[in-house]
Amino acid sequence: MKLRKNYFVLLLISMMCAVVVVGCGGQTNESASTTNDESSTDNENEAVETMEPITLSLADFAPATHPIQAKLFPEWVKAIEEATDGLVKIELYPGGSLLGSGDVYSGVADGIADIGHDVSGLYPGRLPVLNALYLGGIKYENSAVSSYVARDLVAELQPEELQDTELMFIYGISPGVLMTTEPVESLDDLRGKQIRASGTNVATLEKLGATPVAMPVTETYEALSRGVVDGSLLPADTLKSFNLAEVTNYVTHSNLMYNTVHFVTMNKDKWNSLPTHIQEAIREVNEQTFKDAAQLFTDVVESGLQYAIDEHGVEEIHLSEEEEQRWEETLKPLVESHVEELNSAGLNGQEIMNKIVELSEKYNEEFGNN
């Protein structure tokens, strides 16, 4: 009887031990999983904490007085420094002091500058998808419209032309105005006029009957003041930021003539050398800065025009409804011809142009009255 009683005691003890072992095993697995997660987080945090502070160079064609240098970039630089706890600082090199217009993209890709800001129209063969956004005949009511169109186009198509650098953000400036020394109220007035242009805007002016003269914006003031050109096709903010109001008498409005796309991009190797948390922090800042840029350049275009009118007596010309239709009909063939140009570059030209038209209609409706 005593043996039987001992047997039941031993059996009970065995069962209790089994429960304890199973329970302990479960706790051990959960604890190990938690420990692994914490270890992974600790490793990432350690990578951030042990990262040496760096200062990145930013090459820009724009002068220190330009809105992107005077306002947008200082705010962006400060936000990145704060978001990375001071580990990433950016030093600005404005006015082509490190890389000039047309050399920025390749200079960043090659590591001459860590980051660069330039106008895509100065890279007609290098950035064909971005430059499809320049095409005359497509309406952009303001800079917010062209900025969001550019952003969505790049996000959806992921063009190969941008893959050798890391795009920070992109924005557009439109519509442009004809800045001239003599009034332009019709196609007849424009015919034969020497007009400063860049990128795909050259084809737009040719189609309208003008004689385009390719040159960077930095050379436009002198060209106008010396009579080398009769006018320029640019956004109205340059009337103030590049002092063009001093050498302009008239501005002719049309939202069919002009768009320009600006990019801010970073050297790929430099970007890849940053810890993941740092990259994520910068991306968050970039998204907000894109929104700020879209609104900023909508505002500065308007303020640049008002400055020219108030301070320099520049006169505005708005095309008649009949004349605007003439310009639109004249520019329509550009879209079809650009499809062929993109196809010849090995791209799907119809897809690209259809997407640009679709996005421009979408964002004109959303932002056009703002």
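Rule-based calculations on the coordinates, nothing more; no lab input. Note that the structure is predicted; figures quoted are calculated from it, not measured. Note that we place each Cβ from the backbone using ideal geometry, even for glycine, and neighbour counts take in every protein chain shown.
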Applying the Karplus parametrisation 6.51 cos²θ - 1.76 cosθ + 1.60 with θ = phi - 60° to the phi angles of the range 204-216, what ³J(HN,Hα) value in whole Hz is obtained for each residue in order, glycine and proline being reported as x?
4, 5, 4, 5, 7, x, 7, 10, x, 10, 6, 6, x
For the chain, what is the largest minus smallest coordinate of the Cα atoms on each principal axis, given in angstrom and ordered from greatest to least?
122, 40, 38
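Hey, can you rank 139-149, 108-118 by average C-beta count inside 10 Å, highest first? Before the final figure, lay out the partial values.
Working: 139-149: 25.8, 108-118: 21.3.
Result, highest mean Cβ count within 10 Å first: 139-149, 108-118.
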Karplus ³J(HN,Hα) for the range 96-110 (6.51 cos²θ - 1.76 cosθ + 1.60, θ = phi - 60°; Hz, whole; x = Gly/Pro) runs x, 5, 10, 9, x, 4, x, 10, 5, 4, 5, x, 5, 4, 8
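Taking the convex hull of the Cα atoms, report for the range 277-333 its projected area averaged over all directions, in nm². Could you put the intermediate results ahead of the total?
Numbers: hull surface 29.1 nm².
Computing the convex hull of the Cα atoms and averaging its projections yields 7.3 nm².
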Return the lysines within reach of residue 78: Cα separation strictly under 18 angstrom, same-chain partners fewer than 8 residues apart disregarded; answer none if there are no such residues.
89, 291
Using the Kirkwood radius over Cα pairs, work out the Stokes-Einstein diffusion coefficient for the range 247-370 at 4 °C and 1.567 mPa s, in µm²/s as a whole number.
69
Alpha-carbon centroid distance for the pair the range 327-365 / the range 92-152, whole angstrom:
19
GNM on the chain, Cα springs under 10 Å; top mean-square fluctuation among 53, 235, 128 goes to 53
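When only Cα pairs under 8 Å and 6 or more residues apart are kept, what is the percent relative contact order across the range 135-211? Write down the numbers at each step before the final one.
Values: 62 pairs, mean separation 26.9, N = 77.
Relative contact order, the range 135-211: 35 percent.
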Give the cross-link partners of residue 139 among the lysines, using a straight C-alpha distance below 19 Å as the criterion and excluding same-chain residues fewer than 8 apart.
207, 332, 355, 362
Pairs of alpha-carbon atoms within less than 8 angstrom and 6+ residues apart define the contacts here; what relative contact order does the chain have, in percent?
22
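Among the DSSP beta bridges whose two residues both lie in the range 178-286, what percent are antiparallel, rounded to the nearest 5?
Details: 6 of 12 bridges.
Among the beta bridges of the range 178-286, antiparallel pairing accounts for roughly 50 percent.
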Go through the range 60-66 residue by residue and turn each phi into a ³J(HN,Hα) via Karplus (6.51, -1.76, 1.60, θ = phi - 60°); whole Hz please, and just put x for glycine and proline.
9, 6, 6, x, 4, 7, 5
Based on the alpha-carbon gyration tensor of the range 117-238, what equivalent-ellipsoid semi-axes (square roots of 5 times the eigenvalues) come out, in whole Å, largest first?
28, 15, 13
Could you give the angle, 0 to 90 degrees to the nearest 10, between helix 73-83's Cα long axis and the longest principal axis of the Cα atoms of the chain?
0
Among bridges DSSP assigns within the chain, what percent are antiparallel (round to 5)?
55
Is it possible to state the helix-based mean residue ellipticity at 222 nm for the chain, with each DSSP H run of 4+ residues giving -39500 (n - 2.57), the sum divided by total residues, to the nearest 500 deg cm²/dmol? What is it?
-16500 deg cm²/dmol
